[in-house]
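Asks: Dropping a structure here in structure tokens format, bear with me for questions.
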Amino acid sequence: MKLLELDNLQVSIGPVQAVRDVSLSLAPGECRALVGESGCGKSVTAMSLLNLMPPTAQTNAARWDFAGRDMRQLSEREWRRIRGNEIAMIFQNPMTALDPTQTIGSQIAEPLRIHKGLSKREARMRAIALLERLAIANPAQRAAQYPFEFSGGMLQRAMIAMAVVCEPQLLIADEPTTALDVTVQAEVLSILRELRESSGTAMLFITHDLGVVAEIADSVSVMYAGQTVETGSLQDVFSREAHPYTQALKRAVPNMENPHRLEAIAGTPPDLRHPPKGCGFAARCCERMAICDQLPPNFPCESTAAHQARCWLWHPEHPARWRESEQ
Amino acid sequence: MAMSVFRFARRTWASADLEQIAPVPLPKMATPAVVLSSLVVVALLLFVSIGPLVWGQDPSQQWLSQISAGPSGPHSVRLIRDNGPWQPPVSEPPQSLVVHDANTEFVRLQWPQIEGVRRYRIYRASAHKAGLGLAIAETDKAYYQDQLQLSYQIYRYTIADADSGLLLLAREVRPEAAISLFEAQLQGLVPVGKSGRQAKWLEMPGHPLGTDALGRDILARLMAGGRTSLFVGVVAPLLYISFGCIFGAIAGLAGGWVDQVAMRFVDFVVALPFLLFMILFRVAFGIGPGENGIMPLIVAMLMLSWPGSARLIRGQVLALRGQAFVEAAKLAGVSTSRVILRHMLPNVLPMILVAFSFAIPQAIFTEAFLSFIGMGVSPPTTSWGALCNDGIKTLLSHPRQLLLPALFISVSVLAFNLLGDALRDATDRRAGVAKA
Amino acid sequence: MLKFIAKRLLSGAITIWFIATATFFAMHAVPGDPLTQEKAMSPAVRAQLEARYGLDKPLIEQYQLFLGNMLQGDFGISFTQENRKVNDIISKHFPISAILGLAAVLIALVGGVAAGTVAAYYRNRWPDRLVMIGVIAAISVPGFVIAGLAQLIIVAMNNAAGKTLLPVAGWGSVNHIWVPALVLGLGTMAYLSRIMRASMLEVLNADFNTAAKAKGVHGLRLFWHHQLRNAVLPVVTELGPTIAGVTTGGFVVELIFAIPGLGRYFVQAVQQLDYTVIMGTTVFYGAFLVLVVVLVDISYGLIDPRIRLHGGGGR
């Protein structure tokens, strides 16, 4: 039984088709990384999963189930019960995502007050306890302080505390380490990993940093131009990458074997106001074929059942498949 | 397996269609609001400059026969030579209330003696209003001549018994437009002294916006008032912004203790309660006999309003001083005055322009306010604010006299504000483009 | 915090001294003096009066005398209103101006915050357009015109109702306050709603607003705890100058609505060159404004923790 099943999510904001086809699934306790360059629709996907897109945005999905419920049918009232309670979110920049006029403690305690109906006192005690668990010294005093008195790493820990305080089933982390120093990044990652192990929360970890992915994720979805182009386990995607985009992405990351050769991906992502007719990556792809410009690769194109790539190269009739199977 | 679906393309790096990065669109100045407000400003300037020449009426000419009259076109009026005391001709007493003569100089009434009544009370009301109206006189005679502020409208006269209050007779009267010989001579419509035969009818100029409480043509006064208002509104900011800029530039360029002292002084001037000191300074400079009071007004505004632009320019100069191109110019041996003129001035000029365009409506407001409380220009010079001051006295009976000048103030302030907004947006975006 | 307040009060005191000095010399630069306005009087009487008011002494000595008395809080006796102490005039008429000003500021604050919030929530839709048109109108129409219009409307209303719903002018009851205060506060309200709209738009687009929603915060709690508190900060900084504008701008409204406030006495005093009343009211207003600005700064610190804890450095 999957916790989240999302099939063909589409979000358009005015003329921009920010998300064109995102399909994701998460098992309870699983950590899935959603990887892609900036502007590819990762954050829009995250916000849509909380139904927090502005009213001007149009959201559609072929299937959108969470914990056995059809999320497309939920009223705003029901959504409120879910946000912060069953699905919580960690934001990218803790400096701006925490309210500057409220104490850290009250901000962490707020979800408890709303969802669990705890008294002010009780909620505060729980918040302090959580801060202590997240290795913040003097948690009682710290809880009474304001965001501007915290350092970046501590703020992100407070942000995490705010997200996990209600023990959600799904935690969406939207680039939680991007705005932080490298040393603090490691710290935050280890906290997240620990949390996941101790509480069994499923996590959707959004990032553009492949190194971070390797450290925390069980499975990976790669996004490009508003679509998930490759989905699979960490090993599948990292060592048997199937989509040319993933391959290009990997070549753009420094590695030990070949520290001096880095390849940038030539070109820019397509304009999502007028997405290309065929494959979104075709214009930058080194494996481009004529059909790539003509038809989108919308078919279940998989190398194995759990490892899928949205690419004509993986079409059953593609000659390369013959080659591979011969090997 | 059929391969027809596939036609393999060359395996090359597809040429990246590098999207042209759209240049930041330069501000579109000619929005409908800007065009409209520019037209309004031009129209206002024409109104106050050419207007008086075209219209040609004297804004201080008082028409005693037309106090607070409504809008009227050119019309002819009867010339009344005899408006002294009156007695009805001795003949048979009338059967009812009769009107011997009715014009806007006098209405002559006669009625039959009624037995048992010792004194009559005469009421007068506008015909379209209910009630008896004003009790204008009491008399023991059976006739009366009404000369009390008659205007060109239908009246209803009611005769009552003064003792018992019993209503006796009533009648509606429509006086015809008239002018007395005295006033006609005063206005120069009729030569003085010649008591010979004169025309019975006179042509009167029209008042398209009516007249004020002293019988002066409102249109002519609006033109004359606009001159003052716009003059003060443009000249005062011009002076105080120039002064502020020079002050701020000196402080910013000199730096050090000069800057410190200068800015402390600016702080103090800013702390002065503006309107109180406006009034105080305005009085301190005084108005001699025969002066119009515009100069003291401008000087007072100059003394109190300059700190804003001084602060602005000082900040800009300080910021520019630290910038690379100014340093570079200095290192290249460019003289200080040239650095200021060629490198700094072009950078602060747009800001000064914006400050100026916002200062104009501010100054129009200040002038209007001071004139309104009687601390502005002195009569016979007038301004829109002074017209409002005149108008508020007759607000309840003739709202037009306040609303017309108020409309002119509001429209001009609005137009200048919109222009200022557009100008600010334009310079903001220019700065944005320069940075990007 | 205490140090901050003390510093502000000290610079306030210097400001008041400057205001007093400027007023004193500006006033004495006016040709004539209060006594010349009276009917012709014999030189002996005049000398006597001059001695009584200290006008016979050199200007510098008069100035010293004035400063000494001012420090003791004594502004002397009015020239034109026989035997009336300036302090009595202020204490009798200032409360009226203060009540009017306070009501105006409250109306402006509540109305401006509400209008700005509505405009931001409905950005570019008709409520926003309506508010912005109102703002432009209120900024472009002079206060005395609005006052006049308000009176016309009251009269029309009373006529239509056939009884006195609201008094047209005067002072004395709660009903006398509403309309003048609204008229007085209207311009400020427009100004504040502009600021409020901008800052509320910023808050609505801020990360912490989204983050709060992601926590499940919604409705009034979201508005009150997260949006309003942050958005109102720039409005509070504007409050000091605003109160200054409203209190000194009050005298037009006082004149038109025949309210016996201090502003009217000031205008009268300037016209009659009543030295002591001018000095007294100017210094009093100056001190009042300095105090208000300090109070506003303190209240700003109460809302924004960053300033409270840094002792007021961060503005």
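Asks: Please compute, for peptide C:125-134, the average count of beta-carbon atoms on other protein chains lying within 10 Å of each residue's beta-carbon.
Replies: Going residue by residue through C:125-134 and averaging, the value is 0.
Asks: Could you compute the net charge surrounding A:Pro168? Neighbours are other residues with a C-beta less than 11 Å from the C-beta of A:Pro168; K and R count +1, D and E count -1.
Replies: 0
Asks: Out of the DSSP beta bridges found with both residues in chain B, what percent are antiparallel (nearest 5)?
Replies: Around 90 percent antiparallel, to the nearest 5.
Asks: Using the Kyte-Doolittle scale, which helices in chain C average at least 1.0 and also have C-alpha atoms spread 20 Å or more along the helix axis, with helices defined as whole DSSP H runs?
Replies: Those that clear 20 Å and a mean of 1.0 are C:2-29, C:86-121, C:126-140, C:143-161, C:233-256, C:275-303.
Asks: On average, how many beta carbons from a partner chain sit within 10 Å of the beta carbon of a residue in C:90-98?
Replies: Shielding by partners across C:90-98 averages 0.
Asks: Counting Lys and Arg as +1 and Asp and Glu as -1, what is the net charge of the other residues whose Cβ lies under 12 Å from the Cβ of C:Tyr121?
Replies: +2
Asks: With only alpha-carbon pairs counted, each pair once and no self-pairs, how large is the Kirkwood hydrodynamic radius of chain A in angstroms?
Replies: 20.9 Å
Asks: In addition: Dipole magnitude of the protein assembly as shown about its Cα centre, charges +1 at Lys/Arg Cβ and -1 at Asp/Glu Cβ only, in debye to the nearest 20?
Replies: 220 debye
Asks: Same structure, new question: Treat every Asp and Glu Cβ in chain A as -1 and every Lys and Arg Cβ as +1, leave all other atoms uncharged, and give the resulting dipole magnitude about the Cα centre to the nearest 20 debye.
Replies: Roughly 820 debye, rounded to the nearest 20.
Asks: Specify the residue with the greatest mean-square fluctuation among C:Ala269, C:Ala206, C:Ala214, computed from a Gaussian network of chain C linking alpha-carbon atoms under 10 Å apart.
Replies: Looking only at C:Ala269, C:Ala206, C:Ala214, the biggest GNM fluctuation is shown by C:Ala214.
Asks: Determine the relative contact order of chain C: mean sequence separation of Cα pairs under 8 Å and six or more apart, normalised by residue count, in whole percent.
Replies: Reported relative contact order: 29 percent.
Asks: Still on this model: So, how do all the Cα-to-Cα distances of the stretch C:86-313 break down into 10 Å bins, in percent, from 0 on up?
Replies: Values per bin, smallest distances first: 8, 26, 30, 22, 11, 3, 0.
Asks: Now a separate question. Counting pairwise Cα distances across the protein assembly as shown, what percent come out greater than 53 angstrom?
Replies: Counting pairs separated by more than 53 Å, the tail of P(r) holds 44 percent.
Asks: Can you give the % of DSSP beta bridges in the stretch B:85-176 that are antiparallel, to the nearest 5?
Replies: Once the DSSP bridges in the stretch B:85-176 are tallied, antiparallel ones form about 95 percent.
Asks: Counting only DSSP beta bridges with both residues in the protein assembly as shown, what percent are antiparallel, rounded to the nearest 5?
Replies: If I count the DSSP bridges inside the protein assembly as shown, around 70 percent turn out antiparallel.
Asks: Another question, if that's okay. With N set to the residue count of the stretch B:88-246, report its C-alpha Rg divided by 2.2 N^0.38 Å to two decimal places.
Replies: 1.60
Asks: Debye sum, Cα scatterers, the stretch A:98-167, no solvent: what log₁₀ I/I(0) at q = 0.14, 0.15, 0.21 1/Å?
Replies: -0.33, -0.38, -0.76
Asks: Same structure, new question: How far, in degrees from 0 to 90, does helix B:307-321 lean away from the longest principal axis of the Cα atoms of chain B, to the nearest 10?
Replies: 10 degrees
Asks: Taking only DSSP H segments of four or more residues, each worth -39500 (n - 2.57), what value at 222 nm results for chain A once the sum is divided by all its residues, to the nearest 500 deg cm²/dmol?
Replies: Rounded to the nearest 500, it is -9500 deg cm²/dmol.
Asks: Would you mind getting the Kirkwood hydrodynamic radius of the stretch C:176-257 from its Cα pairs, rounded to one decimal in Å?
Replies: 14.6 Å
Asks: Now for a different question. Any chance you could list the semi-axes, whole Å, largest first, of the equivalent ellipsoid that the Cα gyration tensor gives for chain B, using √(5λ)?
Replies: Largest first, chain B gives 69, 31, 19 Å.
Asks: Another question about this same structure. Quick one: helix B:218-254 against the long Cα principal axis of chain B, what's the angle to the nearest 10°, folded into 0 to 90?
Replies: Relative to chain B, helix B:218-254 is tipped by roughly 30 degrees.
Asks: Normalised by the residues of chain B, what does the relative contact order come to in percent, with Cα pairs under 8 Å and at least six apart?
Replies: Across chain B, relative contact order equals 19 percent.
Asks: Enter the accessible area of B:Leu214 (Å², nearest 10), with the probe set to 1.4 Å and all protein chains included.
Replies: The accessible area of B:Leu214 comes to roughly 80 Å².
Asks: Just name one of B:Tyr143, B:Ser164, B:Ala406: the one whose Cα is farthest towards the positive end of the charge dipole of chain B (beta-carbon charges, Lys/Arg +1, Asp/Glu -1).
Replies: Result: B:Ala406.
Asks: Would you mind checking the tilt of helix B:345-372 against the longest principal axis of the Cα atoms of chain B, expressed as 0 to 90 degrees and rounded to 10?
Replies: Helix B:345-372 sits roughly 20 degrees off the main axis of chain B.
Asks: Can you tell me the dipole magnitude for chain B around its Cα centre, using point charges on the Cβ only (Lys, Arg +1; Asp, Glu -1), in Debye to the nearest 20?
Replies: Using only the charged Cβ atoms, the result is roughly 1600 debye.
Asks: Something else: Output the peptides B:57-63, B:374-380 sorted from most to least packed, where packing is the average of other Cβ atoms within 10 Å over each peptide's residues.
Replies: So the order, starting with the most tightly packed, is B:374-380, B:57-63.
Asks: In peptide C:142-153, what is the residue-averaged number of other protein chain Cβ atoms found within 10 Å of each Cβ?
Replies: 6
Asks: Find which of A:Ala97, A:Tyr224, A:Tyr245 sits farthest along the positive direction of the dipole of chain A, computed with +1 on the beta-carbon of Lys and Arg, -1 on that of Asp and Glu, about the Cα centre.
Replies: A:Ala97
Asks: Right, something else. How large is log10 I(q)/I(0) at q = 0.17, 0.23, 0.31 Å⁻¹ when the Debye formula is applied to the Cα atoms of the stretch B:352-400, each weighted equally and without solvent?
Replies: Rounded to two decimals, the profile gives -0.56, -0.78, -1.02.
Asks: Further, regarding this structure: By average Cβ neighbour count within 10 Å, what is the ranking of A:284-296, B:67-79 from highest down?
Replies: Averaged packing, sorted descending, gives the order A:284-296, B:67-79.
Asks: Would you please give the residues with an amide H less than 5 Å from that of A:Met89, counting only those at least 5 places away or on a separate chain, with H modeled from the backbone geometry?
Replies: A:Gly84, A:Ile172
Asks: Local charge sum around B:Leu132 (other residues, Cβ-Cβ under 15 Å, Lys/Arg +1, Asp/Glu -1)?
Replies: Combined, the nearby Lys, Arg, Asp and Glu give +1.
Asks: Taking H placed 1.01 Å from N in the peptide plane, check which residues at least 5 places from A:Cys31 or on another chain put their amide H under 5 Å from its amide H.
Replies: Close amide H contacts, sequence-distant or interchain: A:Met203, A:Asp218, A:Ser219.
The values are calculated or read from the model by the stated rules, or taken from the named source; none is laboratory data. Since the model is a prediction, treat every value here as computed from it, not as a measurement. We place every Cβ from the backbone using ideal geometry, glycine too, and count neighbours over all the protein chains shown. Note: areas computed on protein heavy atoms with side chains; ligands, DNA, RNA excluded. Shrake-Rupley method; radii C 1.70, N 1.55, O 1.52, S 1.80 Å.
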